1. Where a ≥ b ≥ c are the square roots of the eigenvalues of the C-alpha gyration tensor, would you call segment 15-159 rounded, which needs a/c under 1.5, or, failing that, prolate if a/b is larger than b/c, or oblate?
2. Using 0.36 nm per residue, how much length does the chain from E232 to N180 gain when fully extended, once their Cα-Cα distance is taken away?
3. By how many degrees, between 0 and 90 and to the nearest 10, does the Cα long axis of helix 398-418 differ from the longest principal axis of the chain?
4. To the nearest 0.05, how large is the calculated FRET efficiency for F115 and Q418 if R₀ is 41 Å and r is the Cβ-Cβ distance?
5. Taking R0 as 56 Å, what FRET efficiency do you get between E207 and H42 from their Cβ-Cβ distance, rounded to the nearest 0.05?
6. Taking the number of other C-beta atoms within 10 Å as the exposure measure, put C398, C186 in order starting with the fewest.
7. Count neighbours as other Cβ atoms within 10 Å of each site's Cβ, and list the trypsin sites (Lys or Arg not before Pro) in segment 95-167 that are DSSP loop with at most 14 such neighbours.
8. Identify the GluC sites (Glu not before Pro) of segment 396-460 meeting these criteria: DSSP loop state and at most 13 other C-beta atoms within 10 Å of the C-beta.
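Only the coordinates and a few stated rules stand behind these numbers; no lab work does. This one's a predicted model, so the numbers in the text were calculated from it and none came from an experiment. Cβ coordinates were reconstructed from backbone atoms using ideal geometry, including for glycine residues, and neighbour counts include every protein chain displayed.
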Amino acid sequence: MVVSVFNLYSIGVGPSSSHTVGPMRAARQFISEVEKRGFLSHIKRLKVDLYGSLALTGKGHSTDLAILLGLEGFSPEGVDPNRISEIISQIRTSHQLNLLSKFPIHFHDKEDLLFHYDKQLPYHPNGMRFTIYDGDKKELFSDTYYSVGGGFILNHETATSDATLGETNHPLPFPFTTGNQLLELCNQHHMTIEQIMMENEKTWRSEPEIREGLLKIWQAMQDCVKRGCHQEGILPGGLNVRRRAPGLLKSLEEKQKLQIKNPAEVMEWVSLWALAVNEENAAGGRVVTAPTNGAAGVIPAVMHYYSTLIENSNEEGIIKFLLTAGAIGILYKVGASISAAEMGCMGEVGVACSMAAGGLTAALGGTIMQIENAAEIGMEHNLGLTCDPVKGLVQIPCIERNTMGAIKAINASLLALQGDGRHHVSLDQVIATMRQTGHDMHSIYKETSLGGLAVNVPEC
């Protein structure tokens, strides 16, 4: 399995990487394959079946909307969040899909987009099947897709083979699948983690392109925080959750003007930055998967902590942060999962916390052992974290949980930097424990909204 940092950090739309970004990509990939096979002009009906977690929380996560957009040819990176409501309204009013924006067919989502709440496909809880028929109701082509976390998708063929996730499977100069292998490479070649990652990324891109791409990701994170800090109102979905970031920003700025002593100021700023991102995500805005949408606020908040509150922070530190955090994210992607439907929220906020802790430690000049220690602490204290979104929306407890993940990440980094890197539990051991815990966790606590807060908290 070969994964690039640009697979882990991708610019898309909210509210969910596995339930929105992944299905949009799957729908677009399916209909592009249909066109390639010459079936596009023969389609009289297109049916979509959703299974498992995609069915159970799909409406709250806008999975149905994402699939319609993907079938029309939109990508998570390219679709304008401000036009989504207009596009969906047109489809539903006219009962017509314009496949790849060039071939119209009749489509009624109540008949042609079905939620199978009591069924699950074999490979992954986030399963979907696309089928096209001709005028005689004969099946022309069908394929099954899985959204496996962070916007990554597999179809039936790749899911049942050893095919790669993410980038084309080129041999890397410094391949690793475990934390120990990564540390050994660093020691053997007298390189840092970000240097190892930079050399691997050169498999696909030049160093200037890599640096430019990472800074573009950072700019998108900053833009998201800025938008979230100034957008007021109620989040969509029916829970009547009010955006809090603008009010918190005003409060913090007022305290600064009045020079009010505030012992909790750092935590409040970090919370603000995380809130801003995840409120934007919940509203379907433009966000960066880091490594998922549900955990999209953790890394930007910690990076804002570094860039805003740390003296002598600089662009090199930002690049070092993202590359190091990316290496840690790859370890989780390869060794466990970043899908809440498989791991619960420890696969999202837990992984983001671990990545941010390691990235911050690198930016602050930590050793490779201190970085590994910070990443381990970041996950160790998120083990068993459930995913139980109220009403299937990425709002309660998801938004606040990102603030907690960001603060935990900073604390993990500080704890690691206070030591010399020696510790009892390795990152590999905690990843293995996460995987085992996720497999043992009851399915109702893994993005189904059938347990936990989802059934114990009134929806309105």
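1. Values: a/c = 1.42, a/b = 1.13, b/c = 1.27.
It is rounded, given that a/c, with a ≥ b ≥ c, falls under 1.5.
2. Working: separation 52, 0.36 × 52 = 18.72 nm, distance 4.60 nm.
My answer for the length gained is 14.1 nm.
3. 30
4. Working: r = 50 Å, r/R0 = 1.22.
Plugging the Cβ-Cβ distance into 1/(1 + (r/R0)^6) gives 0.25.
5. On the way: r = 47 Å, r/R0 = 0.84.
Computed FRET efficiency for E207 and H42 comes out at 0.75.
6. On the way: C398 27, C186 21.
Least to most surrounded, the residues fall as C186, C398.
7. On the way: sites: K102, K110, K119, R129, K137, K138; in loops: K102, K119, K137, K138.
Sparse-neighbourhood loop trypsin sites (Lys or Arg not before Pro): K102, K119, K137, K138.
8. Working: sites: E400, E447, E459; in loops: E447, E459.
Taking segment 396-460 and a limit of 13 other Cβ atoms within 10 Å, the loop GluC sites (Glu not before Pro) found are E459.
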